[in-house]
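Below you'll find the structure, written out as structure tokens, and then a few comments.
A short reminder: the numbers here are calculations on the coordinates, not readings from a lab. What you are looking at is a predicted structure, and each value in this text was computed from that prediction instead of being measured. Neighbour counts run over all protein chains shown; Cβ positions are idealised from the backbone, glycine included.
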Amino acid sequence: MGAAAWAAGTTCATATMAGLDLDIPAALAAAREMGASGWAAAELLLAMRMGLAAGSAARRTDPPGT
């Protein structure tokens, strides 16, 4: 199930000017189609989105070249 949620998340991530964005409803639908279901898939996708947001915030606060 974790691999299905990860694959769905990476498939539904899109590059934006601010970094990467994750379309949670589309990712949940894709994960469901790949066999993942329930709260565990939703929590994995939410954790992935939070990681994307944290990485984006870190890149905005780190000076270039570090």
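Annotations
- A simple count of charges around R49, restricted to other residues whose Cβ falls under 11 Å of its Cβ and scoring Lys, Arg +1 and Asp, Glu -1, yields -3.
- Label assignment, semi-axes √(5λ) of the Cα gyration tensor in Å derived from the structure, set [x] 26, 11, 8; [y] 31, 9, 8; [z] 29, 16, 8: [x]
- One decimal place: the segment M17-A58 gains 13.2 nm when fully extended, by the rule 0.36 nm per residue minus the C-alpha distance.
- Under Karplus coefficients 6.51, -1.76 and 1.60, residue-wise ³J(HN,Hα) of the range 33-45 in Hz, glycine/proline x: 5, 8, x, 7, 8, x, 5, 4, 5, 4, 5, 5, 5
- M50 paired with I24, simple spin-label distance in nm, labels 7 Å along Cα-to-beta-carbon: 1.2
- ³J(HN,Hα) computed for each position of the range 19-24 - Karplus, 6.51 cos²θ - 1.76 cosθ + 1.60, integer Hz, glycine/proline x: x, 10, 10, 10, 7, 4
- Each of the peptides 23-30, 9-16 was scored by the mean count of other Cβ atoms within 10 Å over its residues; in descending order, highest first, they stand as 23-30, 9-16.
- Estimated vicinal HN-Hα couplings, Hz - the range 48-58 in sequence order (Karplus 6.51, -1.76, 1.60; Gly, Pro = x): 5, 5, 5, x, 4, 5, 5, x, 5, 5, 5
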